[in-house]
1. Restricting the first residue to the range B:135-148 and requiring it to be under 17 Å from B:ARG85 (Cα atoms), which pairs with a second residue that is assigned to a loop (DSSP other than H, G, I, E, B) and aliphatic (A, V, I, L, M) meet a Cβ separation below 6 Å and a spacing of at least six or different chains?
2. Test A:ALA21 against the stated conditions and say whether it is modelled with pLDDT of 95 or more, over 22 Å from B:LEU171 (Cβ atoms), crowded, with 23+ Cβ neighbours inside 10 Å and more than 26 Å from the chain's Cα centre (by Cα).
3. Identify the residue in the range A:1-31 that is more than 14 Å from chain B (Cβ to nearest Cβ) and in a loop (DSSP other than H, G, I, E, B) and, among all such residues, is farthest from A:GLU118 (Cα to Cα).
4. Quick one: in the range B:66-94, which of the residues that are in a loop (DSSP other than H, G, I, E, B) and of a type in the set (D, E, K, R) is farthest from the other protein chains (Cβ to nearest Cβ)?
5. May I ask you to verify whether A:PRO90 is without any contact (Cβ under 8 Å) to a residue 60 or more places away in the chain, surrounded by 14 or more Cβ atoms within 10 Å (Cβ to Cβ) and farther than 30 Å from B:ILE56 by Cβ?
6. Examine the range A:206-229 for a residue that is surrounded by 14 or more Cβ atoms within 10 Å (Cβ to Cβ), in the same structural domain as A:LEU26 (by TED's automatic domain parsing) and among the hydroxyl-bearing types (Ser, Thr, Tyr), and state whether such a residue exists.
7. Look at A:GLU167 and say whether it is surrounded by fewer than 19 Cβ atoms within 10 Å (Cβ to Cβ), of a type outside the set (S, T, N, Q) and in contact with a Gly (Cβ under 7 Å, 6 or more places away or on another chain).
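The values are calculated or read from the model by the stated rules, or taken from the named source; none is laboratory data. This structure is a prediction, so every number in the text was calculated from the model and none was measured. In this analysis, Cβ positions are derived from the backbone assuming ideal geometry, glycine residues included, and neighbour counts consider all displayed protein chains.
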Protein chains: 2
Amino acid sequence: MANPPVIILIEPQLGENIGKAARAMLNCGLVDLRLVRPRDGWPSAAATANASGADIVVDNAKLFDREEDALADLNRVYVTTARTRDAIKPVFTPRGLAPELRANVARGEKVGVLFGPERTGVRNEHVSMADAVITVPLNPGFTSLNLAQAVLLIGYEWWQAGVAVPEYQMLMNDTFPATRDEIELMFGHLETELDQSGFFRVEAKKPPMMRNIRNIFNRSNLTHQEVQTVRGMIVAMCGAKHRKKS
Amino acid sequence: MANPPVIILIEPQLGENIGKAARAMLNCGLVDLRLVRPRDGWPSAAATANASGADIVVDNAKLFDREEDALADLNRVYVTTARTRDAIKPVFTPRGLAPELRANVARGEKVGVLFGPERTGVRNEHVSMADAVITVPLNPGFTSLNLAQAVLLIGYEWWQAGVAVPEYQMLMNDTFPATRDEIELMFGHLETELDQSGFFRVEAKKPPMMRNIRNIFNRSNLTHQEVQTVRGMIVAMCGAKHRKKS
């Protein structure tokens, strides 16, 4: 998608955190990083080391002296803060904002998210520069979020709002679930062997017991190969028993 | 909630990352951390320093030699991995899993999530210990996620599934939106002054122009105090103009 959200870090302190933020950005398809008065200067070897390969983000990061310049080309600006502010302002959760971000970017807007200095967070002047506030719902007893972690959560929600990965799927690789016929032959084999080995001591209980056994195996979504494995186990165990008997 | 999910780190390397993972856990209300063969030993000063106050997690972390012992009391085990595996296994996204985790914990189950070593991730033997796999949908061009970041995303979804924070709200603090009456008096004041200052050059265009002006201000959800501020601005500017004229 053209122009994914811009991340603006105000007075970031440790190069390490800038690097980890860059890594989190690229994890989520964000590439435009802007730094306003980074404490330890720029470029930063620590940032590059901690980006763990997200060089495209670190190498293209832009440096600014003034917040206004870092925001100049943006159509919308959001600011992250953990604390309730005096400002009268719309407040989004990252999840609530993500579809709006997607829609705005899709219509050609350029949007950005402001993050404040590590220890103090953004100041009221930064809140006043933004159209809305983003606050992450977290454990109210411990809301202090690492800078890179905060960037990750915004990016994560941005990415989730744009992908269509099923929330649940059975990973089959190149295998297929066994056919019902294979499954039935397996249960027939099992039932015969259990019968012969005296497993069903009370004839009346055999049907409910077989249903329970069917449920155990049918919960497993057996593949063709796994049905063969189970049948092999049956053969081996019955063979062992026959050997013991003899 | 009793027994929130347990986090199990297998062969974690840097104490720094363990500490950051502990911090992310507490951000999300998770407190039970288990370490299997941490490379640099335990306890770890680096872990404590990087936990940034999440001491309750670090101080109570339990140490294990064997995965089996770390998982012994758990009813369900999930394993995180970025790579597709050979195993035939259910795969959840963190978001897809979270409601299931909540439901299982609510009925008294003890659940845990396994994370592999930083560089290599979990091994196939770990996947075979788990009921299901968790994979985070991320930028397929750069999926390498820092350990603490991975822990955060699982915890984040767990927390989100349990809170009822509105995705959007207007933060009003202790103020109230102005009444419609206050708003109307403000527009009346503004219209009178604009009339007198010759702003509406074409009489026929006055109604649509006033509608546009109303929309600008009504989008702002003005409070009582802000209506007074706007009226003060009108008075000041008209006064300035009158002074210029005279």
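1. Close Cβ pairs satisfying both conditions: B:PRO137/A:VAL163; B:PRO137/A:VAL165; B:THR143/B:ALA82.
2. no
3. If we take residues in the range A:1-31 being more than 14 Å from chain B (Cβ to nearest Cβ) and in a loop (DSSP other than H, G, I, E, B), then A:ALA2 is farthest from A:GLU118 (Cα to Cα).
4. So the residue we want is B:ARG66.
5. So A:PRO90 fits the description; yes.
6. no
7. Numbers: surrounded by fewer than 19 Cβ atoms within 10 Å (Cβ to Cβ): yes; of a type outside the set (S, T, N, Q): yes; in contact with a Gly (Cβ under 7 Å, 6 or more places away or on another chain): yes.
So A:GLU167 passes the test.
Here's the yes/no breakdown for (1) closer than 24 Å to A:MET170 by Cβ; (2) among the charged types (D, E, K, R):
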| site | (1), (2) |
| --- | --- |
| B:HIS126 | yes, no |
| B:ALA130 | yes, no |
| B:THR135 | yes, no |
| B:GLN149 | no, no |
| B:GLY155 | no, no |
| B:TRP159 | no, no |
| B:GLU167 | no, yes |
| B:MET172 | no, no |
| B:PRO177 | no, no |
